[in-house]
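Structure, as structure tokens:
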Amino acid sequence: MHFASGAISHVTSKVSRVAPATESLATGRDAAMEMGVAAASAAKGLATEAASKACNVAVDSSHRAQDMLQRLKSMLEVWVKQKIHSQIVSLVDRIPAVAKNSLEDEQMPRAVSRAKDRFVDAAWPDFRSEILLEAAILLDRADESPDVERRGVDCFRAFFRYHLLPFDKSFWGKVRDPWWWLFSLIPLVPVYGVCPAWFFFVFLVLDKSDEFQLVSFILGFKGTAFISQGLIRALIGFTTFLGCVTSRASVSRHDCDSSGPGTNSNLWPMTIGFLLQLMLVWGAFFLLPCSKKKGQTALKGSINVEEEGHARVRGGYIIYFLWYDLLMFCICAGIVGWCISTRPRFDLDDWPTHHTVFAAQVLAAAG
């Protein structure tokens with residue numbers, strides 16, 4: 001009995017020493033598994049990060065390659081456009097010499113030949129500027145971006161502007177518009193005062209910051225006045241004069257004092273209308289330096305076109321016509337003043353004064 005109990009206690013002590021070792025072994029295995037899991041997770045994270053960086057690098061490289069390709073394409077496009085434009089410039093610069101040679105004649109006087117050459121040299125910069133601008137528009141026209149935030153004018157002014165100067169109609173398109181016909185025929189009424197009054201209304205309606213509308217107003221006013229107050233009133237005055245003198249067939253008798261040209265009209269409204277005509281034309285001219293070229297086609301910037309000649313000045317050559325118009329006004333005013341000075345007591349209501357004012361208005365409009 002004593003031997004058995006000793007053996008049991010010996011075995012128990014052995015088992016008690018082995019158990020802690022087993023437990024420590026299990027704990028080490030669990031720790032190793034946790035470390036392995038942590039290492040795998042870290043490796044996975046590193047691999048994911050590396051893959052993400054590699055993807056970003058690839059995307060950036062692709063974007064850089066596309067940007068470089070786009071820049072190369074743009075540079076090539078600009079180079080081709082500039083080359084084509086330079087060739088066009090070289091061809092256009094040959095035109096003046098060709099024009100001079102084609103207009104030359106062996107029997108032409110030398111003074112006329114030199115005047116012809118000077119005229120070509122003076123007018124050519126404006127033609128050259130327009131030709132090169134049209135060529136640049138064909139080669140380098142920018143995409144139109146509509147200004148949706150810009151507000152237009154009221155419906156009343158927009159209606160008259162569109163039917164007077166439509167932006168999307170040619171001459172034949174305007175001919176099909178009955179409103180254009182009406183607005184074109186009103187100033188042709190040969191009653192003096194109708195034409196200045198109509199164009200005074202047009203002056204109030206048009207956009208006075210647009211160079212094209214101001215120049216069109218000046219040319220339209222003077223052109224219409226040439227027909228209505230010049231040609232038509234000249235025919236009316238000639239017919240009236242024949243009626244008051246020739247139709248009587250009498251040397252000593254006429255009734256031009258009561259039925260002659262201009263005797264049936266009030267002198268002051270005629271004079272005011274005459275002055276209003278001059279004021280409107282010169283008022284539009286003085287607004288030209290403050291105007292802008294609206295509606296001109298924009299360029300991308302690959303080609304630079306500089307304005308030459310009178311195109312650099314707002315209105316261009318129109319200033320010379322206006323100085324001529326002012327000269328004609330001074331001549332007509334001088335004629336009227338001379339006529340008034342010959343009347344007894346400077347009578348403004350005398351029939352020769354009416355005749356002279358009528359003739360001066362016709363001369364100023366037709367001249």
(message) Output wanted: per-residue J couplings in Hz (rounded whole) for the stretch 106-121, from phi through Karplus 6.51 cos²θ - 1.76 cosθ + 1.60, θ = phi - 60°, x for Gly and Pro.
(response) 5, 8, 6, x, 5, 5, 5, 4, 5, 5, 5, 5, 5, 5, 5, 5
(request) Using a cut-off of 11 Å between beta-carbons, work out the net charge of the residues near ILE137 (Lys and Arg +1, Asp and Glu -1, ILE137 not included). (result) -1
(request) Treat every Asp and Glu Cβ in the stretch 43-99 as -1 and every Lys and Arg Cβ as +1, leave all other atoms uncharged, and give the resulting dipole magnitude about the Cα centre to the nearest 20 debye. (result) 60
(request) Give, as a single signed number, the net charge of other residues whose beta carbon lies under 14 Å from the beta carbon of ILE340, with Lys and Arg counted +1 and Asp and Glu -1. (result) -1
(message) Please give the Cα centre distance for the stretch 70-106 versus the stretch 107-121, rounded to the nearest Å.
(response) 27
(message) Just to make sure I understand: if all protein chains stay in place, what is the order of PHE167, PHE241, PHE201 by accessible area at 1.4 Å, largest first?
(response) PHE167, PHE241, PHE201
(request) Determine the dipole magnitude for the stretch 50-205: charges of +1 sit on the beta-carbon of Lys and Arg, -1 on that of Asp and Glu, nothing else is charged, the reference point is the Cα centre, and the result goes in debye to the nearest 20. (result) 100
(message) How big is the dipole moment of the stretch 251-350 about its Cα centre under a simple scheme where the beta carbon of each Lys and Arg is +1, that of each Asp and Glu is -1, and everything else is neutral? Debye, nearest 20, please.
(response) 560
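The values are calculated or read from the model by the stated rules, or taken from the named source; none is laboratory data. Note that the structure is a prediction, hence the values are computed from the model and not measured. Backbone-built Cβ (ideal geometry, glycine too); neighbour counts: all protein chains shown. Accessible surface is based on the protein model in full, side chains and every heavy atom, while ligands, DNA and RNA are left aside. Shrake-Rupley method; radii C 1.70, N 1.55, O 1.52, S 1.80 Å.
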